[in-house]
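Working notes, beginning with the structure itself.
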Amino acid sequence: MPWLAAGLAAGCAAPALAQPATLEPATVDPATVQAAPVPPAVVLPAPVPPSDADLHDLIPDAALADPEAWAKSAPVPPGEPTLVLPATPAAGPVDPAAPLAELPGMTVPWPDTTADKPALASLPPDPEVTALAGQPADGQPQVLTAGDEVRVSDHLSLVFPARLQTFPERPAFLDRFAKLSALERYDSRDATFAQVSARARADRDLIAQLLRIYGYYDALVTQTVGKGGATATGPGGPEARADVAVRFDIEPGTRFRFGTIDLGQLDQAGPDAAALRRTFAIAPGDPLDNDRVVAQRGALDVALGEGGHTFAKVGDPALVVDHKRLEGDLTLPVEPGGIYAYGPVISQQPRFLSSGHLADIARFKPGQLYKRSQQEDLRRAILATGLVASVTVTPRETAPPPAPGQPGTVAMDVAMTPGPLRTIASSVGYETGNGFRLEGSWEHRNFFPPEGMLRLRGVAGTLEQLAGTTVRWNNWHGRDQVLTLDLYANTVQRDAYTARTIAFGASFEKLTTLLFQKPWIWAAGLEILATQERESAVGGQSVPRNTFFIAALPLRGALDYSDNLLDPTRGWRAGLRVSPEISKQQNGRSVEYARVQFDLSAYKSAGSRVVLAARARIGTIPGTDLANIAPSRRFYAGGGGSVRGYGFQEIGPRNNAGDPSGGRSLVELSAEARIATGLLDGAVELVPFVDAGTVAESITPTLSGLRYGAGLGLRYKTGFGPIRLDVGTPLNPRPGDSRVTVSVALGQAF
């Protein structure tokens, strides 16, 4: 079919192959392009596809009846060659050495296998592959330069040049490398040699990147991987296992230095410009250090925010490195803007937390120069109320700066999302000697806005029953100032006494908090109670109840120079409590006395894993005899917050029945070592402790009759303070003392 062959040749002929030409960009005149006329569009009629009936008419009936016979009898067009296929030989063994049969139309001769073949040129060895095998590209033994070798691990080492002064940041460099190294991050014990080699290449790139951080842009890093003898079977057969040693020889080269430094519009900061420029402690000629750029950018941003530049912007730094000058030119976009003073604090939800209340929480007053840290402090303080789920504090310009260097005014807009305000809580427990105790409470933390909490609580237990209500206003007319009103009625049964009490208390406190730990705190209050109490049986005979009407003015002051409110590691604390009281008994006798207690504790770190802590407490009640003091107002010792190893109130004078009777003076001493174990990421501590205490009927504190307890504690550190578990035993018990005590609480013992 020559007509078909000719058509295919004409329509599918390929151009002759040639070397690719380099395309040069053509020069085009835009005016010519714009002026070129647009040719009219030519619309061709759409082809009409043949129908199935038309196609059927083209097929002869003989082809439909017997396709094979019709194909053999079809006439051959004139000039068309006839293809005659050879007869298929009978099946039999095939001789692979026999020559191939002549194929019709094949005119290209078969290659002569006996002729001499041209020799193939040898490719040069791959430098990277030979380096991985510990050999240089030229095949000669590799000679590594001598230097200071630092072993990161058993299978990884880095070699620095002997002149250590060329790389003084080596400790920080090694710390970063060890944390980011692919060889250290993955377990290589079961890896193949190829896997280790790939990780080594990643570490080589990491070293070069870290060197650039410190200004070494022309560093040379040589990688060497030595194979071990063990093998493992992989998909392609035996493979070398990862018992290999990887070594990196580092030549930092010349350290680049800072060239020009452009701080944007910082000069427009007015009188503060010079001081702000000194804050950015990088000058031309200093050794180039990307970490310093990040740190100084942050320092400049903080200085702007703390200097009244409310709307200052500090962009991302850009560094252009010039290898010819061995310098890097730094550009830091800075827009200082004007300075501003505080205006009013505006609450977006005044019925929830009023603007005036938020102003009481803020640590700034209108007219003071704006500080970004005070804006963040207000946001955190509002979150600390526990009333909101989220809060944003946004400065808003209300008056622009009248002149350069003179402050404008910004209002602080506070947007809040209220959080859950009601809480129902309950707890149930059992303790040997005290029986069952069930406690429940309901509270609404904003029942009396702003921040007026109402709490209803109750206790039902074997030895204690209570019903009470508490109203508490947080941040009352000032930050961390608390006014509390408390009314309750309870009955208590102790080994020393039983009491039925109705009491009302009011207190005003200046608190220390986790958000702002203060060195000086104080509290003052009023307490009025009526209590009917009876001491324990004496000689088997019940003692009659005695009714006391007591009015007290409790005062408290404390100094806190420790480093942490819940878990201190250094520093000291001292506190003094004084409560002048008037007590009138049912028989009409009235007495006056004062309850005084002094506490002192100290903390000292002994290494990175041990904190030594000690505590002393001294108390006295001068003014009247012991018999005139209600049993619930006397001193007692023993228990988890006193002398561990002894039960609650077990230390002190006892009556004829062997029950505690309390005293007018108190001495307690404690010492413990808080030892970090490293368990659970350092959250667990072991705390061996020794406590001692005594209670006397005299008003003069004494060390005679000290009772000692010792034991071992466990601390689990959480985000809100350590959870404490102490197990103690008395060292010099008296008859009837507990042999082992267990106490659980939140926070350290002192």
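Points to keep in mind about this one:
- Arg615 in a strand (DSSP E or B), surrounded by 16 or more Cβ atoms within 10 Å (Cβ to Cβ) and in contact (Cβ under 8 Å) with a residue 60 or more places away in the chain: yes
- Members of region 655-674 found to be over 20 Å from Arg724 (Cβ atoms) and surrounded by fewer than 18 Cβ atoms within 10 Å (Cβ to Cβ), listed by number: Asn655, Asn656, Ala657, Gly658
- Residue in region 285-296 that is over 27 Å from the mean Cα position of the chain (by Cα) and not in a loop (DSSP other than H, G, I, E, B) present: yes
- Single residue of region 439-453 satisfying the filter (surrounded by fewer than 16 Cβ atoms within 10 Å (Cβ to Cβ) and assigned to a strand (DSSP E or B)) that is nearest to the chain's Cα centre (by Cα): His444
- Among the residues making up region 675-713, those that are among the hydroxyl-bearing types (Ser, Thr, Tyr) and crowded, with 16+ Cβ neighbours inside 10 Å are Thr694, Tyr708.
- Failed item, numbered, when Leu319 is tested on (1) over 24 Å from Gly259 (Cβ atoms); (2) touching a Gly at 6+ places or on another chain (Cβ under 8 Å); (3) not β-branched (Val, Ile, Thr): (1)
- When Thr491, Thr512 are checked against the criterion of being of a type outside the set (Phe, Trp, Tyr) and over 30 Å from Ala381 (Cα atoms), a single residue qualifies: Thr491.
- In the set (1) touching an Asp or Glu at 6+ places or on another chain (Cβ under 6 Å); (2) in a loop (DSSP other than H, G, I, E, B); (3) touching a residue at least 12 places away in the same chain (Cβ under 8 Å), Ser562 fails one condition alone, (1).
- Boolean, Phe548 is in contact (Cβ under 8 Å) with a residue 40 or more places away in the chain, among the aromatic types (Phe, Trp, Tyr) and in a strand (DSSP E or B): yes
Each row is one residue, and each column tells you yes or no for (1) touching an Asp or Glu at 6+ places or on another chain (Cβ under 6 Å); (2) in a strand (DSSP E or B); (3) in contact (Cβ under 8 Å) with a residue 60 or more places away in the chain.
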site	(1), (2), (3)
Gln465	no, yes, no
Thr469	no, yes, no
Arg472	no, yes, no
Val482	yes, yes, no
Leu485	no, yes, no
Tyr488	no, yes, no
Asp495	yes, no, yes
Ile502	no, yes, no
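- Any chance Tyr636 is crowded, with 23+ Cβ neighbours inside 10 Å and aromatic (Phe, Trp, Tyr): yes
- Filter result for Gln597 (among the polar types (S, T, N, Q), in contact (Cβ under 8 Å) with a residue 24 or more places away in the chain, outside any loop (DSSP other than H, G, I, E, B) and in contact with a Gly (Cβ under 9 Å, 6 or more places away or on another chain)): yes
Just so you know, all these numbers are worked out from the coordinates, no wet-lab data involved. Remember, it's a predicted structure, so these values are computed and weren't measured experimentally. Cβ sites come from the backbone with ideal geometry, for glycine too, and all protein chains shown count toward neighbours.
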